[in-house]
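Heads up: the structure comes next, in C-alpha cells.
The values are calculated or read from the model by the stated rules, or taken from the named source; none is laboratory data. If you're wondering where the values come from, they're calculated on a predicted model, not measured in any experiment. Every residue, glycine among them, receives a Cβ derived from its backbone with ideal geometry; neighbour counts consider all protein chains shown.
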Amino acid sequence: MLTLYGIKNCDTVKKARRWLEDHGIEYEFHDFRQDGLEKKLLSSWVDDLGWESVLNKRSTSWRNLSEKDKNITTDAQAIKLLLANPTLIKRPITQDRNTLLVGFKEAEFKKL
C-alpha cells in the first residue's frame, strides 16, 4: 500500500493527493501533526535519502530556528530536530515497499 506523509493543509501535499486520486491510485494519508511521526520511520528515511534530502531549509520553520539549531552535522541531530519540528520535513514523502519519494514531481509519480 502506498502511503503519503505530510500535512493536510500543505499545497504540495494537496497537489500530490489530487494527482493520486485523479489517477485512481489508492493510498493512505498520514498527517504528521495529527498522526505523529515515529523515530524509526524518520530514521529509515534519513538512512535511505540522507537528512539533507528530508530537511526543508526553504521553510518558514527553518528560518525561525536559532543558528545553533541550524548547525546540523549528524543524522542524529537532524532526526532529533525533525521529530521536534515535523514541519521541517519536505513534503510530501511518498512510500511503498519499493519506492521512497520526496516532494511532488508528476514525472516521478507516473513511475508509481
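Summary of computed values
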quantity	calculated
Flag for Arg18 being exposed (fewer than 15 other Cβ atoms within 10 Å of the Cβ) and either modelled with pLDDT under 95 or touching a Ser or Thr at 6+ places or on another chain (Cβ under 6 Å) (or both)	no
Residue match in the range 51-59 (condition: under 17 Å from Thr12 (Cβ atoms) and among the aromatic types (Phe, Trp, Tyr))	no
Residue list for the range 1-31, restricted to those being part of a helix (DSSP H, G or I), within 16 Å of Lys110 (Cβ to Cβ) and among the hydrophobic types (A, V, I, L, M, F, W, C)	Ala16, Trp19, Leu20
Top-ranked residue of the range 64-85 - restricted to ones that are in a loop (DSSP other than H, G, I, E, B) and touching a residue at least 12 places away in the same chain (Cβ under 8 Å), ranked as nearest to Val46 (Cα to Cα)	Ile72
Any pair with Cβ under 6 angstrom, 6 or more apart, that starts in the range 86-106 at a residue that is surrounded by fewer than 18 Cβ atoms within 10 Å (Cβ to Cβ) and ends at one that is assigned to a strand (DSSP E or B)	Asp96/Leu2
Selection count, the range 54-79, where residues are of a type in the set (D, E, K, R), surrounded by 10 or more Cβ atoms within 10 Å (Cβ to Cβ) and within 15 Å of the chain's Cα centre (by Cα)	1
Inter-residue pairs, beta-carbon under 9 Å, first under 17 Å from Asp96 (Cβ atoms) and in the range 1-20, second aromatic (Phe, Trp, Tyr) and modelled with pLDDT under 95, 6+ apart	Tyr5/Phe32; Gly6/Phe32; Ala16/Phe109; Trp19/Phe109; Leu20/Phe109
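For every residue, the table says whether it meets (1) at pLDDT below 95; (2) more than 15 Å from Leu4 (Cβ to Cβ).
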{"site": "Asp69", "(1), (2)": "yes, yes"}
{"site": "Ala76", "(1), (2)": "no, yes"}
{"site": "Lys90", "(1), (2)": "no, no"}
{"site": "Asp96", "(1), (2)": "yes, no"}
{"site": "Thr99", "(1), (2)": "yes, no"}
{"site": "Val102", "(1), (2)": "no, no"}
